[in-house]
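Since every read-out is calculated from the coordinates, none of them should be taken as a lab result. Quick caveat: nothing in here was measured; it's all calculated off a predicted structure. Because the Cβ atoms are built from the backbone with ideal geometry, glycine has one as well, and the counts that use them run over all protein chains shown.
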Amino acid sequence: MAKKTQKRRANELRPIRITRNFIDSASGSALIEMGRTRVLCTASFVPEVPRWRQESGLGWVTAEYSMLPASTYPRRSRSRIGHTDGRGTEIQRLIGRVLRAVVDFEKLGPNTIYLDCDVLQADGGTRTAAINGCFVALVDAVRYGLKEGWLQENPLTASVAAVSVGIVKGKPVLDLDYELDSRADVDMNIAMTDKGEFIEVQGCGEQRTFSQEQLDKLLRLAHRGIKQIIEQQKNCLKTDVSRPRPFTSPRR
């Protein structure tokens, strides 16, 4: 989706909007908008774990990611059921790793939370937006599990958010949209907790190498952006948003 970049400072995030409980049938859900990128994130609570996880007493969190056909121009082909391309597989593994880093699986118990990310419109940063929206959906799914008595303790150990950074024309830039990303010499995706701890750092020199000094500047810039995103997540989650019971209870 190549549209003109909205004017903003190099250290400024795109406008962020989070709409909680967007889907009635999910235990938790959030529509997140970062600039023109829009991702629908849902969290589904299921009282069972994968076969390889059984007998451990530990829970599990996993993620799936896909892009709707009209999320980009020109239209993408719809993914076949059960099939994800290499890019999608890499992204959903990233999302799962990042969210699992802030879950105490012993407290989660023998339950699975499925995170589903569907990109409605892509203008760069879909994977970081998905992480940010999924955390909000995950918090609401956990709250729902606690309310229903399926969980005895909150299994979440920290807040988490992610953002992209890059070097464009020699200048560090925060939160790359498509137009900036397509011109970036260096592109990175970074996920951190609200404790200031790194979970994931993905980066490469798309067009050229980069120095330790440039890397340090990008990490500081990402840290600043992530702190702002986490603040917005926490403000969003402060309110008690009423939601209907899912159409079908996970514990029938």
What ranking of W60, W150, W52 emerges when the number of other C-beta atoms within 10 Å of each C-beta is taken as an exposure proxy, fewest first? W52, W150, W60
How much length is gained if the chain between T89 and E197 is pulled fully straight, taking 0.36 nm per residue apart and subtracting their Cα-Cα distance, in nm to one decimal? 36.4 nm
Please turn the phi angles of the range 42-53 into ³J(HN,Hα) values with the Karplus equation 6.51 cos²θ - 1.76 cosθ + 1.60 (θ = phi - 60°), one per residue in order, whole Hz, x for glycine and proline. 10, 10, 10, 8, 10, x, 7, 10, x, 3, 5, 9
Just how many % of Cα pairs in the range 126-232 lie over 21 Å apart, if you round to the nearest whole percent? 41 percent
Estimated FRET transfer efficiency when R0 is 35 angstrom, pair N11-T62 (beta carbons, to 0.05): 0.55
Listed residues N21, N189, N235, most fluctuating in the chain (Gaussian network, C-alpha, under 10 Å): N235
In whole percents, the bins of 5 Å from zero upward hold the Cα-Cα pairs of the range 73-176 as 2, 10, 19, 19, 16, 14, 10, 6, 3, 1, 0
Inter-label distance, nm, simple model (7 Å from Cα along the C-beta direction), E148/S77: 3.8 nm
1/(1 + (r/R0)^6) with r = Cβ-Cβ of E48 and R208, R0 = 35 Å, i.e. FRET efficiency to nearest 0.05, evaluates to 0.10
Contour minus Cα-Cα span, K169 to E231, at 0.36 nm per residue, comes to 19.3 nm
Would any residue of the range 17-46 have its amide N under 14 Å from a label point 7 Å out along Cα→Cβ of L120? List them or say none. 17-24, 29-42
Springs between alpha-carbon pairs under 10 angstrom, Gaussian network model over the chain: which of T37, T209, T19 fluctuates most? T209
Mean projected area (nm²) of the alpha-carbon convex hull when the range 170-218 is viewed from all directions: 3.7 nm²
Write down, largest first, the equivalent ellipsoid semi-axes of the chain in whole Å, where each equals the square root of 5 times an eigenvalue of the alpha-carbon gyration tensor. 31, 19, 17
Only loop residues by DSSP count here, and only those with at most 11 other Cβ atoms within 10 Å; note down the GluC sites (Glu not before Pro) in the range 50-139 that meet that. E55
To the nearest 10 degrees, how steeply does helix 126-148 sit against the main Cα axis of the chain, on a 0 to 90 scale? 20 degrees
